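Here the structure is laid out as structure tokens; the discussion comes afterwards.
The values are calculated or read from the model by the stated rules, or taken from the named source; none is laboratory data. On a predicted model such as this, the values are computed, not experimentally measured, just so you know. Every residue, glycine as well, gets a Cβ built from its backbone with ideal geometry; the counts of neighbours run over all protein chains shown. For accessibility, only protein heavy atoms count, side chains too; no ligands or nucleic acids. Shrake-Rupley method; radii C 1.70, N 1.55, O 1.52, S 1.80 Å.
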Amino acid sequence: MSERRFDPTHGEWVTVATHRQDRTYQPSAASCPLCPTRPGHEPTEVPREHYEIAVFANRFPSLSTRPPEPDVEGTALVPVEPAYGHCEVVVFTDDHHATLADVGVTRVRLLIETWARRVADLGADPAVRYVLPFENKGEAVGVTLHHPHGQIFAYPDVPPRPSRELAAARRHHDRTGRCVFCDVVAAEAGGVREVVAGEHFVAGVPPWARFPYEVDVWSRAHVPSLPELSAHARGDLARVLARVLAGYDRFFGVSTSYLLGVHAAPTDGTDRDVSHLHVEICPPHRGGGKLKYLAGSETFGGAFLTDVAPEVAAERLRAGCANVEVPA
Ligand SMILES: [Zn+2]
Ligand SMILES: [Zn+2]
């Protein structure tokens, strides 16, 4: 079963993809499906002995270009539709034990270029409205495959969080005539919550951070999405991202678990004036080995509570990122 059901009480679609229960769950390094195919061994998902970046369709997709007919019939109250879309896997190193924090700036840049190309290609599908590159890293956020990798989902609509973000940006634009993210960059760059300053991008703990050590990486210029980013800016984003991730590991003293997602303009050409490229990174760590869980207020209220002041988190992360070794 793989279908989308509409929740009329919240105005959101939910995807039901039961076949995903059978997906590969935490395989050992010896039977990793994302490792290179070794001579004389069973082929993995990547039919190469070495690779830098591999992109392929997820074998257990939530959304697919040939979705099955829904199992249940929709009603006027709860419409049901085939789960159309694209789910791709992006493996950014053939080293099972590497992380995005240590693959080096050159590889992070190659990943950013891959994201940009996939956003353009998947976004060219007229049935796609939004493309979201993301990475779930570490067991603390429920990762099922340890081999470092990210994913790209292409949705038939703008998903709830970017949709709310765009609506807020639209209201700000209506009121002030300006992009809200351009205003945020002007207010935050060089301030107490800045973590890493690049030429084209600035990373900081947002004043409204939902996770204690959330870092957002904003483009300094008003760039709607990855494909429009200049070569220079892509290189700068790679340097800033690599530094933030290495800084996390140094500050927390462990290989940090996190959720990382790229927010940009819908691919249907709407809202480009208020869409401003940025990356959100949310580690579940609270420090001292403790984790933040989504509890009652967050789950039912949608109201996040955090116990570290963003200014304090930024000061700690700034120290973690300062002079941190980042491989080229
Ligand atoms: Zn592997
Ligand atoms: Zn802007």
Selection count where residues are in contact (Cβ under 8 Å) with a residue 40 or more places away in the chain and open to solvent by less than 80 Å² (accessible area, probe 1.4 Å), scope region 24-53: 13
Test: ALA246 is modelled with pLDDT under 95 and of a type in the set (Gly, Ala, Ser): no
Top-ranked residue of region 129-179 - restricted to ones that are polar (S, T, N, Q) and in contact (Cβ under 8 Å) with a residue 40 or more places away in the chain, ranked as nearest to GLY289 (Cα to Cα): ASN136
Quick test of your reading of the structure: HIS147 fulfils all but one of (1) within 16 Å of ligand 1 (Cβ to nearest atom); (2) in a strand (DSSP E or B); (3) surrounded by 20 or more Cβ atoms within 10 Å (Cβ to Cβ). Name the failing condition by number. (2)
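To keep it simple, each residue is scored yes or no on (1) out of contact with any Lys or Arg (no Cβ under 6 Å at 6 or more places or on another chain); (2) within 16 Å of ligand 1 (Cβ to nearest atom).
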| position | (1), (2) |
| --- | --- |
| LYS137 | yes, yes |
| GLY142 | yes, no |
| ASP157 | no, no |
| LEU166 | yes, no |
| ARG171 | yes, no |
| GLY177 | yes, no |
| ALA186 | yes, no |
If you scan region 81-106, which residues turn out to be of a type outside the set (A, V, I, L, M) and away from ligand 1 (no atom under 16 Å from the Cβ)? GLU81, PRO82, TYR84, GLY85, HIS86, CYS87, GLU88, GLY104, THR106
Against the conditions (1) open to solvent by less than 60 Å² (accessible area, probe 1.4 Å); (2) within 16 Å of ligand 1 (Cβ to nearest atom), where does VAL78 fall short? Just the number, please. (2)
All but one of (1) under 29 Å from PHE304 (Cα atoms); (2) assigned to a loop (DSSP other than H, G, I, E, B); (3) out of contact with any Phe, Trp or Tyr (no Cβ under 9 Å at 6 or more places or on another chain) hold for PHE211, so report the exception by its number. (3)
Search region 214-262 for residues being assigned to a helix (DSSP H, G or I) and among the acidic types (Asp, Glu), and hand back the single one that is surrounded by the most Cβ atoms within 10 Å (Cβ to Cβ). ASP236
Return the residues of region 292-310 that are in a helix (DSSP H, G or I) and open to solvent by less than 70 Å² (accessible area, probe 1.4 Å); say none if nothing qualifies. GLY296, SER297, GLU298, GLY301, PRO310
Filter region 105-144 for residues that are farther than 21 Å from THR256 by Cβ and part of a loop (DSSP other than H, G, I, E, B); which is least open to solvent (accessible area, probe 1.4 Å)? VAL128
Given ALA187, ALA167, ALA265, which one is among the hydrophobic types (A, V, I, L, M, F, W, C), open to solvent by 20 Å² or more (accessible area, probe 1.4 Å) and under 26 Å from ALA124 (Cα atoms)? ALA167
Leading residue by the ranking (modelled with the lowest pLDDT) among those in region 268-291 that are open to solvent by less than 40 Å² (accessible area, probe 1.4 Å) and not hydrophobic (A, V, I, L, M, F, W, C): GLY287
Unmet criterion (only one of (1) part of a loop (DSSP other than H, G, I, E, B); (2) open to solvent by 40 Å² or more (accessible area, probe 1.4 Å)) for GLU315: (1)
Checking PHE56 against (1) farther than 23 Å from THR44 by Cβ; (2) surrounded by fewer than 20 Cβ atoms within 10 Å (Cβ to Cβ); (3) hydrophobic (A, V, I, L, M, F, W, C), the condition it does not meet: (1)
If I go through region 150-196 residue by residue, how many of them are among the acidic types (Asp, Glu) and not in a helix (DSSP H, G or I)? 2
